[in-house]
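Following: one structure in structure tokens, then a few remarks.
Values quoted throughout were computed directly from the atomic coordinates according to the rules given, and no laboratory measurement underlies them. Keep in mind it's a predicted model, so treat the numbers as computed, not measured. Positions of Cβ are backbone-derived with ideal geometry, glycine not excepted, and every protein chain shown enters the neighbour counts.
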Amino acid sequence: MTFQNRRRNCNFVATIPILRDEWEGEAAKTMLADMKMDRQYDIAFVGLKNGIHHYQYHITDQFFADHEVVTEFSDSQIDVGLDFEKNDHLFRLKFSITGDVTIPCDRCGEPYRLALWEEFDQIVKLVDHPEVIDENEEPEVSYLSRTESILNVAGWIHEFILLSIPMQHIHPDLENGESGCNPEVIQKLEEMRNRSGMPVQPSVWDALYKKFPRK
């Protein structure tokens, strides 16, 4: 091996710990960012007095991306209010979901802004052995070990937002009482339905919307 080759190999080996340190540094930054992101939904209840404490969260699409949740809606602008009532042996949580999201209409396929407004109650009981309790018996009740000091509410925020989305997404009617759907798409769907005698499958919506955009 020539001196030049040995030198080139030495330089390559020398870069390995540097690259590893850079990679570990980036991984650590990502991990710390994720921890910081999730920590904002922590309630350190040990230091709280008994009574009601209010928390406010603003949720965007980034919340669902951070938690690796795939949704059918986008452009989320959601406010979550939480009244956290602390007692000696249990907590009462009242979530208020308000805001709106963009979601495709089930009738015409065109996206529209869907307003959200829902409230959900959750009870958390402090117990000695939560792992032996079947939470399916009482879905609105969760159990937390008495040895814990923090309650993370991110999971409930995610769950209750999804429950706030109705099963059917239809454009609201206009002020004159007419449908808010794209009229050209609706007319085309009716023509296709009349020709086939069967309901039109949702797979044609996107194509129709592109062909007949709202003017």
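Below is a table of values for the structure above.
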{"quantity": "Size of electric dipole in the range 127-178: Cβ of Lys, Arg +1 and of Asp, Glu -1, about Cα centre, debye, nearest 20", "calculated": "220 debye"}
{"quantity": "Using θ = phi - 60° and Karplus 6.51 cos²θ - 1.76 cosθ + 1.60, couplings along the range 180-192 (whole Hz; Gly, Pro as x)", "calculated": "x, 6, 4, x, 5, 5, 4, 4, 5, 4, 5, 5, 5"}
{"quantity": "Which of T71, T147 has the fewest Cβ neighbours within 10 Å, and the rest in rising order", "calculated": "T147, T71"}
